[in-house]
Amino acid sequence: RAVSYLVDKIADGEKVEVMIASHNQQSIEMTLQKADQRGLQPSAPIYFGQLLGMADHLTYSLGGAGYRAYKYVPYGKIHEVMPYLIRRAQENSDMMGGVSVELNMLKKEIFRRMWPF
């Protein structure tokens, strides 16, 4: 509901920007659908961010479609960074499902490039 509210504010011309920091494809698709319903273009101040190495297929698809998509890399001392990365992995319970989706996409692309006809 919060994302929908913010997209509405952007569409109404208010000075609002939002970063959708999610690896969840459904959340991203919901945001895109709402933006489309409100007539917003990819250049609207809606940004998407994912942790480097996670949901790369989403980031690249968003960027390829003209949306502002970013990868972020946490840095710091290992004892500070590892708990953060572990929490992100735990929060993304569908992460392994996403990995299998990406793996299948990679396999198809390799096959397509090796046997284009």
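Tabulated values for the structure
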| quantity | calculated |
| --- | --- |
| Proximal charge balance of Gln50 [Cβ under 11 Å; K/R count +1, D/E count -1] | +1 |
| Potential extension, Ser4-Phe117 segment - 0.36 nm per residue separation minus Cα distance | 36.3 nm |
| Computed helical MRE - 222 nm, the chain, DSSP H runs ≥ 4 contributing -39500 (n - 2.57), nearest 500 | -18000 deg cm²/dmol |
| Kirkwood Rh, Cα atoms: Rg over Rh of the chain | 1.04 |
| Exposure rank, largest accessible area first [Arg112, Arg38, Arg1; 1.4 Å] | Arg1, Arg112, Arg38 |
| Protection-proxy order for peptides 24-31, 68-75, each taking the mean of Cβ atoms within 10 Å per residue, highest first | 24-31, 68-75 |
| Whole-Å distance, taken between Cα centres, linking segment 39-60 and segment 3-28 | 11 Å |
| The chain, accessible area per residue, ligands and nucleic acids excluded (1.4 Å, Å²) | 71 Å² |
| Per-peptide average of other Cβ atoms within 10 Å, ordering 3-9, 79-85 highest first | 3-9, 79-85 |
| Most fluctuating residue given options Ala11, Ala65, Ala44, as computed from a GNM of the chain linking Cα atoms under 10 Å | Ala65 |
| Length-normalised contact order for segment 19-81 - Cα pairs under 8 Å, 6+ apart - percent | 33 percent |
| Contact order relative to length of the chain, as percent, for alpha carbon pairs under 8 angstrom and 6 or more apart | 21 percent |
| Gain in span if fully extended, Asp36 to Asp12, counting 0.36 nm per residue against the direct Cα distance | 7.3 nm |
| Accessible surface of the chain [probe 1.4 Å, protein heavy atoms]: carbon and sulfur percent | 58 percent |
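The values are calculated or read from the model by the stated rules, or taken from the named source; none is laboratory data. Everything numeric here is computed off the predicted structure, so don't read it as measured data. Cβ sites come from the backbone with ideal geometry, for glycine too, and all protein chains shown count toward neighbours. All accessible areas refer to the heavy atoms of the entire protein, side chains included, with ligands and DNA or RNA removed. Shrake-Rupley method; radii C 1.70, N 1.55, O 1.52, S 1.80 Å.
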